[in-house]
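Peer 1: Take a look at this one; I'll ask things after.
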Amino acid sequence: MKKDEAITALIEYRLEQANTAIRDAKCLVEGNGSLQSIVNRSYYAMFYAALALLLKSGISTSKHSGVLASFDKEFVHKGIFPKDLSKDFHSAFELRQEFDYRITKMSTAEETEEIRWKAVHFVHAIQEYLLGEHSSKEELRRD
C-alpha cells in the first residue's frame, strides 16, 4: 500500500470512528445512558473527526491537547472554520475532563444534549470540508 493510500485509509477510518461515536451517543440518549457516556462519545466523535482533518493536512498528533491546538492553529485562526467550532470542541473536551478526572461539576441532561448536537455539527462540518476536497465524494463518505 502506498503512503497516500495508507493516509486515505486512516482518514476513512477516523471518519468512521467519528460517525460511530455520534451514533453511540444518540443510542445512549435514547436508552437513558449515563450523561458521562454521552459526553464521552460526543467528545470522541469530534476528536476523531479532527484527527482525520489533521491527517489530510499532513499533521500527526495523538495527544488531545495537540489535536485541539493544531485544529485551532491550522483551521480556525486561518479562517477555514469558524471560532464557534473551536469553542464547541474545547467545551466538549473540558466537560469530558470534568466527568473523567475531576468530578467537581455534574452536567445536566440539557447540557449533555447540547454537547451531542454540537458534536454532530462539528463532525458534519469537517466531513463536508474533507469531502469537498475530493473529486470522488464517495472516497471518504462513511454514513
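Peer 1: How about the stretch 79-125: which of its residues are within 20 Å of SER37 (Cβ to Cβ) and among the acidic types (Asp, Glu)?
Peer 2: Selection gives ASP88, GLU94, GLU98, ASP100, GLU110, GLU111, GLU113, GLU114.
Peer 1: Sort through GLU16, GLU111 and tell me the only one that's surrounded by fewer than 18 Cβ atoms within 10 Å (Cβ to Cβ), within 14 Å of the chain's Cα centre (by Cα), among the acidic types (Asp, Glu) and in a helix (DSSP H, G or I).
Peer 2: Within the list GLU16, GLU111, the selection yields GLU16.
Peer 1: Next question. Just name the residue that is surrounded by the most Cβ atoms within 10 Å (Cβ to Cβ) out of those in the stretch 31-57 that are assigned to a helix (DSSP H, G or I) and of a type in the set (Ser, Thr, Tyr).
Peer 2: Per the criteria, the residue is SER42.
Peer 1: Something else about it: Among the residues of the stretch 65-77, count how many are under 15 Å from ASP88 (Cβ atoms) and either basic (Lys, Arg) or surrounded by fewer than 17 Cβ atoms within 10 Å (Cβ to Cβ) (or both).
Peer 2: The total comes to 0.
Peer 1: Now for a different question. If the Cβ limit is 7 Å and pairs must be 6+ apart or interchain, which residue in the stretch 70-88 that is more than 17 Å from TRP117 (Cα to Cα) pairs with which residue that is β-branched (Val, Ile, Thr)?
Peer 2: Pairs found: SER70/ILE59; SER70/THR61; GLU74/ILE59.
Peer 1: Then there's this: Could you list, in sequence order, the residues of the stretch 1-47 that are touching a residue at least 12 places away in the same chain (Cβ under 8 Å) and aromatic (Phe, Trp, Tyr)?
Peer 2: Answer for the stretch 1-47, where residues must be touching a residue at least 12 places away in the same chain (Cβ under 8 Å) and aromatic (Phe, Trp, Tyr): TYR43, TYR44, PHE47.
Peer 1: Of (1) surrounded by fewer than 18 Cβ atoms within 10 Å (Cβ to Cβ); (2) in a helix (DSSP H, G or I); (3) over 11 Å from the mean Cα position of the chain (by Cα); (4) not aromatic (Phe, Trp, Tyr), SER60 satisfies all except one. Which?
Peer 2: The number of the failed condition is (2).
Peer 1: Here's something else I'd like to know. Return the only residue of GLU98, GLU138 being in a helix (DSSP H, G or I), at pLDDT below 90 and loosely packed, with under 15 Cβ neighbours inside 10 Å.
Peer 2: Exactly one of GLU98, GLU138 is in a helix (DSSP H, G or I), at pLDDT below 90 and loosely packed, with under 15 Cβ neighbours inside 10 Å, namely GLU138.
The values are calculated or read from the model by the stated rules, or taken from the named source; none is laboratory data. Note that the coordinates shown come from a computational prediction; the quantities given were computed from them, not determined experimentally. When we count neighbours, we look across all protein chains shown, and the Cβ atoms used for this are built from the backbone with ideal geometry, even at glycine.
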